[in-house]
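Visitor: Handing you this structure, nothing more for now.
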Amino acid sequence: MLSTWKRWRYASIDGGAFASKALTILKRTVTLCTAHAPSFILSYMSGFISVILTFSLCAILYNYDLCVKPAVPPETFNNAVNHKSSNYMTTQMKTTAAPTVTKQISLHYHVAYPLNYHFILDEPDKCNQWDPFLVLMVPVAPHQLEARNTIRSTWGAESSVQGKAVLTLFFVGLTGGSKAQQQLEEESRQHRDLVQSNFVDSYFNLTIKTMVIMDWLATRCPQASYAMKADSDIYLNLENLMNLLLAPNTPRENYMTGHLMIKQLVVRDKTSKWYVSEELYPKREYPTYVQGAGYVFSNDLPEKIVEISKEVMAFNIEDAYVGACLKRLGFAPSSPPDPSQFRLSMQQYKQKDFLSVISVIVGSPNQILRVWKDVKRPT
């Protein structure tokens, strides 16, 4: 009997022969068991053997299926992720492609392209109404109402400097909540100086915000002569800025100036807020660019920067990215006649220093207000 079961076991290797031999063995077993059994036992054995035969046949067919069915390797985690990533990239390429672009562009090149986004709050006729010589573009977080109000009551309140019209606008992204959005819309109705686009407002997305600003200038305000990107934590001396812009040797085209950043190394420390991966920017150092807290440019540049951005891979250091776009356009930002007028900080407060600067980072709205009042007080 043992040899019989061994033969059955090894017969499973030969798929079709396995079923035939197994049935033969079962028949012989039934014959041996029933040949000398009393009649009353035969009826019980008949039912029992039928169950055994049915069960055995099912086992045979199942085993046979395992033997002849080709093996399929299980889907690994990487395969699943790659599959989903492939679908995501395909979907993103379809949904983010701008209608004005005729050639296929990488997703990385396309993420900061401003036509991927649209304005939720806008002031499209503002420049037609004001005809500004200079436009101050202030990127600010939606919740920073105090910062906006401080600027509205200090340097942002100066609508005419040396006979030239100046326009100040605030740029924000999505608020992240319906109540905050309602408050922002009410603020917009009150002041008519807010522009909002539908990107997530975060530090990592400052490049997107800057490109949206450039697009707004190119499409809504081409008549302005100059513009300035001015952060909400700076003190701005508009008299000194206007002196610079009205100087006869200040270029009217292809001009950008501010605090120059030269031969700045790319930060590869993943714990740093300024970290940029080699995938996004493979070079060791950035091209010359102007520090992002406050830089001035001729208003022919926004359209050129938006257009060239299709060819420059976006990364999350917005001021360096603008420098990369300028390099692709074939020129670099200019050093200001007096570099000390664009300051990153003041070691200590001295009124005379603030009388001579164009811009300096001071920090909080309260500090901006204190400096403004002191500089403007009668002497």
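Visitor: Can you list residues from other chains, or at least 5 along the same chain, whose modelled amide H is less than 5 Å from the amide H of T168?
Guide: L136
Visitor: Could you check the simple spin-label distance between R328 and M346, using points 7 Å along Cα→Cβ, in nm with one decimal?
Guide: Each label point lies 7 Å from its Cα, and together they span 3.9 nm.
Visitor: May I ask which of K352/K373; K229/K304; K209/K310; K229/K270; K209/K283 have a Cα-Cα span longer than 20 Å here?
Guide: Numbers: K352/K373 14 Å; K229/K304 16 Å; K209/K310 16 Å; K229/K270 28 Å; K209/K283 24 Å.
Distance filter (> 20 Å) returns K229/K270; K209/K283.
Visitor: N254 to K179: FRET efficiency via 1/(1 + (r/R0)^6), r the Cβ-Cβ distance, R0 41 Å, to the nearest 0.05?
Guide: Details: r = 44 Å, r/R0 = 1.08.
Efficiency, from the Cβ-Cβ distance: 0.40.
Visitor: With a point put 7 Å past each Cα toward its Cβ, work out how far K270 is from Y203 in nm, to one decimal.
Guide: My value for the distance between the label points is 1.8 nm.
Visitor: Take the Cα atoms of the stretch 107-376, find their three principal axes, and give me the spread along each one in whole Å, biggest first.
Guide: Result, largest extent first: 48, 45, 37 Å.
Visitor: Still on this model: Which residues in the stretch 133-157 place their backbone N less than 13 Å from a point set 7 Å from the Cα of H191 along the Cα-to-Cβ direction?
Guide: Residues 137-157 qualify, since their backbone N sits under 13 Å from the label point.
Visitor: Aspartates and glutamates within cross-link reach of K126: Cα-Cα under 13 Å, excluding same-chain residues under 8 positions apart?
Guide: Within reach: D193.
Visitor: What order do you get for 344-353, 113-122 when each peptide is scored by the mean count of other beta carbon atoms within 10 Å, highest first?
Guide: Numbers: 344-353: 10.2, 113-122: 18.2.
Packing order, densest peptide first, comes out as 113-122, 344-353.
Each reported figure results from applying straightforward, stated rules to the coordinates on display, with no laboratory input. A quick note: this is a predicted structure, and the numbers were derived from the prediction, not measured. When we count neighbours, we look across all protein chains shown, and the Cβ atoms used for this are built from the backbone with ideal geometry, even at glycine.
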